[in-house]
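Below is one structure, written out as structure tokens; the observations come after it.
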Amino acid sequence: MEFILYEVKDMVGTITINRPKALNALNSQVLDELDATLDAVDLDTVRCLILTGAGDKSFVAGADIGEMSTLTKAEGEAFGKKGNDVFRKLETFPIPVIAAINGFALGGGCEISMSCDIRICSENAMFGQPEVGLGITPGFGGTQRLARLVSPGIAKQMIYAARNIKADEAYRIGLVNAVYPVEELIPQAEKLAATIAKNAPIAVRNCKKAINDGLQTDMDNALVIEEKLFGDCFETEDQKAGMGNFLEKDKEKKLKVVPFKNC
Ligand code: DAK
């Protein structure tokens, strides 16, 4: 891999988009390598992913403008599909993905962060969908995911005005869950990932699926989705061990449940 780094520590995998000379802009090769990296994640041992960018200036400064500038209509559609497919793979990935946004998250950079489950950022982060200034619409799900994550009115203002926002405003509108000094971002992402990773893995996966699938439908159907995924947990060792330890009031044993079996 030329542009993607992947390392696993304990039960957490960290994917780093590593193209700092171009502020980690997404070209076709980056998207292909990211896709292959996700396919290679060992879901038996990894329980949470962190996605970040190399360097301390940029998470992802967008899709590669140089590559896009010469695309024909058909090539543009193919590039859009490549991006959409890998972003959707991230969004529906069985385990949680935390975006640790360390600087610019513009255009495709903001969009890829919105495909992750949780966004946290550094104080120097900047978010925006500048596409209309380039004569295009956000093409990697920006019009859809931003409007769902923050209010439609705020999403429309950001997109129509192509206005970038800083970390504190991203926090205020709910686009990110927390803002940290630059040097604390990755340690905080790792701490959160470790907390998630030590919980019952099947329950965590089912929560992700229930939330994601439920948001696509009406409340009656969403609750049916929840019931089914709740029921599935009763076939796991985690449920038996977790509830058993609680009923035995055995605090020591409760600790021993971690990490949960049957992943
Ligand atoms: N693409 C390619 N190269 C980029 C880049 C990008 N998006 N952003 C930065 N770079 C490169 C710069 O060209 C420069 O390269 P060299 O000149 O050194 O070779 C290097 O990174 C450093 O950038 P700057 O010199 O500009 O650094 P500054 O600190 O001065 O400025 C900046 C940082 C982030 C404010 C600035 O680089 C900037 O405005 N970058 C562009 C940001 C942007 O507009 N991003 C959105 C791109 S549009 C589609 C689906 C999706 C999309 C499109 C189509 N389909 C469905 C078909 C997505 C579109 C986008 O993401």
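The values are calculated or read from the model by the stated rules, or taken from the named source; none is laboratory data. None of the values given here were measured: they were computed from a predicted structure. Cβ coordinates were reconstructed from backbone atoms using ideal geometry, including for glycine residues, and neighbour counts include every protein chain displayed. Note: accessible area is taken over every heavy atom of the protein model, side chains too, but ligands, DNA and RNA are not part of it. Shrake-Rupley method; radii C 1.70, N 1.55, O 1.52, S 1.80 Å.
Oblate is the label for region 112-241, because a/c, from the alpha-carbon gyration tensor with a ≥ b ≥ c as root eigenvalues, is 1.5 or above and a/b does not exceed b/c. Cross-linked pairs 57/156; 89/209; 208/240; 82/228; 89/208: Cα-Cα separations exceed 23 Å for 57/156; 82/228. Amide H contacts for residue 4 (H built 1.01 Å from N in the peptide plane; partners 5 or more residues away or on another chain; cut-off under 5 Å): 18. Going by accessible surface with a 1.4 Å probe and the largest first, 6, 180 read 6, 180. The simple spin-label model puts a point 7 Å past each Cα toward its Cβ; for residue 71 and residue 29 those points are separated by 1.8 nm. Taking the DSSP bridge list for the chain and keeping only pairs wholly inside it, about 25 percent are antiparallel. Inter-label distance, residue 249 to residue 151: 4.9 nm, where each label sits 7 Å from its Cα along the C-beta direction.
Dipole of the chain computed with +1 at Lys/Arg Cβ and -1 at Asp/Glu Cβ about the Cα centre; of 46, 22, 233, farthest Cα towards the positive end is 233.
Over all other residues within a Cβ to Cβ distance under 11 Å of residue 107, the charged ones net out to -3, with Lys and Arg as +1 and Asp and Glu as -1.
In the context of the full protein assembly, residue 156 retains an accessible surface of approximately 110 Å², using a probe radius of 1.4 Å and ignoring ligands and nucleic acids. Placing a pseudo-label 7 Å from each Cα along the Cα-to-Cβ vector at residue 1 and residue 21 gives an inter-label distance of 2.0 nm. In a reduced charge model with +1 at each Lys and Arg Cβ and -1 at each Asp and Glu Cβ, the chain shows a dipole moment near 520 debye about its Cα centre.
If you scale each eigenvalue of the Cα gyration tensor by 5 and take the root, what three semi-axes come out for the chain, rounded to whole angstrom and sorted largest first?
Rounded to whole Å, the semi-axes are 34, 20, 18.
Each other residue within a Cβ distance under 13 Å of residue 143 adds +1 if Lys or Arg and -1 if Asp or Glu, for a net charge of +1.
If you run the Gaussian network model on the chain, springs between alpha carbon atoms under 10 Å, then out of 80, 153, 13 the most flexible one is 153. Dividing the convex hull volume of the alpha carbon atoms of region 1-100 by its residue count gives 90 Å³ per residue. Rolling a 1.4 angstrom probe over the protein heavy atoms with all chains in place gives the chain an accessible area of 52 Å² per residue.
Label zone of residue 84 (point 7 Å out along Cα→Cβ, amide N under 12 Å): in region 128-172 this covers 139-144. Residues considered: 234, 127, 140. Largest GNM mean-square fluctuation over the chain, using C-alpha springs under 10 Å, is found at 234.
For the residues 184, 248, 131, a GNM of the chain with alpha-carbon springs under 10 Å puts the largest fluctuation on 248. Counting only protein heavy atoms and a probe of 1.4 Å, the accessible surface of the chain is 58% carbon and sulfur.
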